[in-house]
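K.L.:
Take this structure first; my questions come after.
None of the figures in this text is laboratory data; all of them are computed from the coordinates on show. Everything numeric here is computed off the predicted structure, so don't read it as measured data. Neighbour counts are summed over all protein chains in view; Cβ atoms, including those assigned to glycine, are modelled from backbone coordinates with ideal geometry.
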Amino acid sequence: MRSIIPGDKENWCFICGSYDRIEEHHIFGGSDRQISEKYGLKVHLCNAHHHGTSGAHGRDGSKLQQYLHETGQQEIEKRWQEQGLSADEARQRFMREFRRSYL
């Protein structure tokens with residue numbers, strides 16, 4: 001599935017807009033990677049923002065990763081609300097699927 005994150009484009013970095021060495025990043029990785037793929041919870045990042053020191057997978061990347069987690073959770077909850085769930089129901093669904101809230 002394509003990304004559902006507003007502003008994400010396949011050919012440039014979601015963070016800085018670079019066109020150099022663009023890679024797909026699943027917002028919720030590890031055991032949640034398939035769920036991220038199912039819902040389109042991914043963004044495109046340049047190598048620096050993906051694997052660099054301050055990148056999503058870098059040793060100092062916790063702030064970026066938190067930002068992406070929050071952005072992903074907000075967007076999927078918004079979509080579920082548009083499909084008829086209440087805000088509370090959308091939050092509960094997120095927590096069932098991802099086992100925690102990032103907000």
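K.L.:
Quick one: count up the residues across region 87-103 that are outside any loop (DSSP other than H, G, I, E, B), touching a helix residue (DSSP H, G or I) at 6+ places or on another chain (Cβ under 9 Å) and not basic (K, R).
P.N.:
Taking region 87-103 and keeping what is outside any loop (DSSP other than H, G, I, E, B), we get 87-98.
With the extra rule that they be touching a helix residue (DSSP H, G or I) at 6+ places or on another chain (Cβ under 9 Å), the set shrinks to 87, 89-91, 93-94, 97-98.
Then keep just the ones that are not basic (K, R); that gives 87, 89-90, 94, 97-98.
Number satisfying all stated conditions: 6.
K.L.:
Give me the pairs, please: first residue somewhere in region 87-103 and under 18 Å from G29 (Cβ atoms), second residue anywhere and assigned to a helix (DSSP H, G or I) and of a type outside the set (K, R), beta-carbon distance under 6 Å, and either six or more positions apart or on two chains.
P.N.:
Hits for this filter: F94/Q73; F94/E77; E97/I35; F98/D32; S101/M95; Y102/H69; Y102/E70; Y102/Q73.
K.L.:
Select the helices (runs of 4 or more DSSP H) contained entirely in region 1-86, then report the ones holding at least 2 residues which are under 14 Å from the mean Cα position of the chain (by Cα) and within 19 Å of Y102 (Cα to Cα). Give the derivation first.
P.N.:
Numbers: elements: 33-39, 47-51, 62-82.
Ranges flagged: 33-39, 62-82.
K.L.:
Additional query: For residues that are under 15 Å from G72 (Cα atoms), free of Cβ contacts under 8 Å to residues at least 40 places away in the same chain, in contact with a Phe, Trp or Tyr (Cβ under 9 Å, 6 or more places away or on another chain) and not small (G, A, S), tally how many sit in region 22-38.
P.N.:
Initial filter on region 22-38 (under 15 Å from G72 (Cα atoms)): 24-29, 32-38.
Narrowing further to those that are free of Cβ contacts under 8 Å to residues at least 40 places away in the same chain: 24, 26, 29, 33-34, 36-38.
Cutting the leftovers down to in contact with a Phe, Trp or Tyr (Cβ under 9 Å, 6 or more places away or on another chain) gives us 36.
Those still in the list that are not small (G, A, S) too: none.
The total comes to 0.
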